[in-house]
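Here the structure is laid out as C-alpha cells; the discussion comes afterwards.
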Amino acid sequence: MFRTAVCLTLCLMSSEAFAQNFGSPKTIPPSDETVFSLKEKHGKLARYMASLRRQGVRDPGLADVEIYERAVRMLFELGEYYHKDTAAWADEVLDRGLLRAKLLGQGDTPWAVAVGHPVIRAYRSRVDGSVQPFAVSFPADFGKTSKTYRVDFVMHGRDPSLTEVKFLHTYNGDRKYSETDRVEVQIFGRGNVAYRWAGETDVFEVMQAFWSQERSSGRDRFLDGSKTVLRGFSMGGAGTWHLGLHHPDRWALLSPGAGFSTTHGYVSKLPKPLASPQEECLAIYDAINYAENAFNVPIVAYSGAKDPQKLAADLVEERLKKLRIPMKHLIAPDLEHAFPAEWQKKANVLWKEELAKERPAYPPEIRFVTYTLKYPSSKWVEILSLEQHYKESRVHAKRTEEGFEAKTANVRQLHLTLPSGDGDPQKLDIDGQSLKLRPWMDASGIGHLYLTKKDGRWKQVLPQRLANDRGRQPQKIVGLTGPIDDAFCDGFVCLRGSGKAWHAATDDYVKADLERFAKEWSKHLRGDLPVKDEEELTGDEVLSKHLILFGDPGSNSMLAEILDALPITWTKDEIRVAGKTYDASKHVPALIFPNPLNPAKYVVINSGHTFHAAEFQKTNALIYPRLGDWAVLRLVGGDALNVEPAASGLFDEFWKVK
C-alpha cells in the first residue's frame, strides 16, 4: 500500500530505540594449529603477489588478487574471529586468492567476465592506497544477446561482525544469481560507517572501477547507463537517503529502505541544539535538509509498518508533501525491521515503473538545495561559492526559449551549462535582474555561463577570472570546504615530525593521537593509514595529497615552513587564534586550511577524524564533526589523549576566523 498521510508523533517517541551499541562481537579464536596453517598459506599467497608485482602485473587484475591476501592479513592483525567458521572462511579465501594468482600469472582473468553468480572484484583507493572489495552479479544471459541491463548499486546494512573475509565469503560465487533484469553491484563501503566520509568516497570509487572495467572489456554496451539505481536497507537505507539526495544527478532512481535521514529525532537524548560548530556540521550529512533534491530524481522508499526506522521515510515524505514533490512509499503491514524477498519483488515492480518513464538528459527545470560545496551541483546547475556554509542554499532554474530563469538563495557564484550545440547569446532572468550574456565556449564546444554576485547584483565573469581570484585569496570552494574530517575523503598522507618538540606534553599528545588515528582507521575505516616521516615526503605527494602534519613548529619542519601562512600564531610560549591567547605548554592547535604549498589541497594540523572509537561503536548518526575547521585543545593531563576543547569554530568563506 502507499501512504498518503504520516503521523510523526509515535515515530519521534520511538527514538529511544536508537541508543544502540554496535561494539565488536565476542571472538571465537581458532586453535593455534589452525592459525599456523592459515599463516603458512597466507605467506604463500603473499609470495605469489610479490612475484606478480615483479613481473609488472598491475591493477585491476593485481587488486582482484591482492584483496584476498589483504582480507586475511587484516584478520590476523585485528583478531576478528567473530564466527565459529571464520577460520574456515579465511582458508577458503586464501584458496581462491591462490587460484586467482596462478591464473593471473598466466595472463588469464576469467572472473572479469563471469556471469550467473556473484564475483568479487577490487580497486585501489585513492584515499589511502588500500585495496577495497566490491561484488558484481551479472545475469546468466548477460552478453549473449543484444539485451541491455540496468545497474543497481546496493549498500548493505549494519553488521558489527562484518570483515573483508566475511564479505569475500558471502559473495564467493557458490550461489547462483537468479535476477534477469539487472546487474547488481554490492558495495563494501569500508565497513560500517553508513557510507560517510571515506565510506562515501568508496561508493563512487566502486562505480568508477566497475564502469572502467566493463568499458575495457567492451561489455559496457550491454549496460544501460541511463538506468542506474541506488538502493539499500537499514544502514544501506541511510546511505541511500544520504548519497541519493546529496548527489541527485548520479541516479535514475533511489530506493531507500529504513535507515535514518536526520540526527536530531533519531539519536536518543541528543541535546538540541548541539554546541557550535557541531550543530552547524550536522547539515553536512542530514539528508532531510536535502529532501527537495528529490525533484530531480524519483524515490521508491520501503518500510515495515512497525519498524521504528520508518521515521526516515516519514520525515522526507512529510517534507516533500509540503513541496508538492511526489514520492512512493511502499509499506509492509505488520513487519518490523525486515525487507523479505516477497517485498523486494513488489518494490522491483515499482522500480521498473519509474525506470520506464522517459527523462531527458538535459532536464528543463532544476531545483537544487545544498548546505555545503561538498555537494555543489545537479545536472546543468553548479554552485561555485556560497555566502555562508551550513545555511540553506538553493537554486531553482528553468531553461527557456531565450536562455534561463533562476532564483537563488545564499549563493555568491553560479555556473550554468548550456545544452550541447547552443552557443547563442542568452537571456538570464535571475533574482529580479535581466541580463544579456554571451556564453563562454569550452574546448569541446559546450557553452557556459559563469556568474558572480556583489552587493546583491549579478554579473557575468570569465572562469579564468574566478581561478585567478581564488589564487589571490583562499576561498571555500568545491573540494576545499572543511571541516577537519573532510580531509580524509580523498588522498592524504600523515607526516611525523623528526625534530625536537617544544614541549613534552605536546609531543606526547600528537604521538598518541597519530597512533589512535592509525588504529581507528584500520578498525573502523578498514584501510591502511598512510604515515611517513616528514623527510620522506615527495613532490608528487605535495601536488596530489592532503598533508596531515603531526607535531609543533619545533618538531615538524613542514609545519614550521608554512606557519606564517596559517591563521594562527604559534610560538614556544603561546598560541594565538581568534583574538585569544593560550599557553603553548598546555595547549595544542588543530585545524584544516588550504595548503600554502598547494592551495588546491588541504593541510591539517594535529588531527585525524574528530570522532573516535566510542562514536564508531554506536549509531552511525554520531560520526559527525566534533571540532569544525579549527580548535585549541587543552592538555588536561594524566593520559596523553586526555584533552578538551578550549575553543573551536568554523572559518568564514575566505578561510578567516569568524
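When Ile562, Ile575, Ile605 are checked against the criterion of being free of Cβ contacts under 8 Å to residues at least 60 places away in the same chain and more than 21 Å from Asp508 (Cβ to Cβ), Ile562 stands alone in meeting it. Considering every residue within segment 113-122, establish whether at least one is under 30 Å from Lys545 (Cβ atoms) and out of contact with any Leu (no Cβ under 6 Å at 6 or more places or on another chain). Looking for residues that are under 30 Å from Lys545 (Cβ atoms) and out of contact with any Leu (no Cβ under 6 Å at 6 or more places or on another chain), one finds at least one in segment 113-122, hence yes.
The single residue among Ser216, Ser276, Ser268 that is free of Cβ contacts under 8 Å to residues at least 24 places away in the same chain, farther than 21 Å from Ile325 by Cβ and either of a type in the set (S, T, N, Q) or crowded, with 24+ Cβ neighbours inside 10 Å (or both) turns out to be Ser216. Among the residues of segment 307-344, the ones that are over 10 Å from Ala258 (Cα atoms) and polar (S, T, N, Q) come to 1 in all.
For residues in segment 406-422 being more than 19 Å from Lys453 (Cβ to Cβ) and touching a strand residue (DSSP E or B) at 6+ places or on another chain (Cβ under 7 Å), which is modelled with the highest pLDDT? So the residue we want is Leu418. The listed residues are Val604, Val588, Val643, Val636, and the only one of them that is over 23 Å from Tyr390 (Cα atoms) and buried (at least 23 other Cβ atoms within 10 Å of the Cβ) turns out to be Val588. The condition (being touching a Lys or Arg at 6+ places or on another chain (Cβ under 9 Å) and either surrounded by fewer than 23 Cβ atoms within 10 Å (Cβ to Cβ) or of a type outside the set (S, T, N, Q) (or both)) is satisfied by just one residue among Thr581, Thr538, Thr569: Thr569.
Considering each residue of segment 495-509, count those that are surrounded by fewer than 21 Cβ atoms within 10 Å (Cβ to Cβ) and either under 22 Å from the mean Cα position of the chain (by Cα) or modelled with pLDDT of 95 or more (or both), and give that number. Give the derivation first.
Of segment 495-509, the ones surrounded by fewer than 21 Cβ atoms within 10 Å (Cβ to Cβ) are 496, 498-505, 507-508.
Cutting the leftovers down to either under 22 Å from the mean Cα position of the chain (by Cα) or modelled with pLDDT of 95 or more (or both) gives us 496, 499-505, 507-508.
Count: 10.
Restricting attention to segment 308-327, the residues that are over 26 Å from the mean Cα position of the chain (by Cα) and either at pLDDT below 95 or outside any helix (DSSP H, G or I) (or both) total 3. Selection of strands (runs of 3 or more DSSP E) fully inside segment 561-637 by the criterion of at least 1 residues being modelled with pLDDT of 95 or more and within 23 Å of the chain's Cα centre (by Cα) returns 587-595, 598-605, 630-635.
Annotation note: of Pro439, Pro425, the sole residue that is in contact with a Lys or Arg (Cβ under 7 Å, 6 or more places away or on another chain) and at pLDDT 95 or above is Pro425.
In this structure, is Val193 β-branched (Val, Ile, Thr), closer than 18 Å to Lys166 by Cα and not assigned by TED's automatic domain parsing to the domain that holds Ala613? Working first, answer last.
Working: β-branched (Val, Ile, Thr): yes; closer than 18 Å to Lys166 by Cα: yes; not assigned by TED's automatic domain parsing to the domain that holds Ala613: yes.
Against the criterion (β-branched (Val, Ile, Thr), closer than 18 Å to Lys166 by Cα and not assigned by TED's automatic domain parsing to the domain that holds Ala613), Val193 qualifies.
Checked against (1) in contact (Cβ under 8 Å) with a residue 60 or more places away in the chain; (2) part of a helix (DSSP H, G or I), Gln464 meets all criteria but (1). If you go through segment 424-456 and keep only what is over 36 Å from the mean Cα position of the chain (by Cα) and not acidic (Asp, Glu), you end up with Pro425, Gln426, Lys427, Gly432, Gln433, Ser434, Leu435, Lys436, Leu437, Arg438.
The set of residues from segment 55-106 being farther than 30 Å from Glu214 by Cα, in a loop (DSSP other than H, G, I, E, B) and either in contact with a His (Cβ under 9 Å, 6 or more places away or on another chain) or not hydroxyl-bearing (Ser, Thr, Tyr) (or both) comprises Gly79, Glu80, His83, Lys84, Asp85.
To keep it simple, each residue is scored yes or no on (1) in a helix (DSSP H, G or I); (2) among the polar types (S, T, N, Q); (3) in contact with a Phe, Trp or Tyr (Cβ under 8 Å, 6 or more places away or on another chain).
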residue	(1), (2), (3)
Thr262	no, yes, no
Val267	no, no, yes
Lys272	no, no, no
Leu282	yes, no, yes
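The values are calculated or read from the model by the stated rules, or taken from the named source; none is laboratory data. Computed from a prediction, not measured in an experiment: that's the story for all the values here. Don't worry about glycine lacking a Cβ; one is built from the backbone with ideal geometry, like all the others, and counts go over all protein chains shown.
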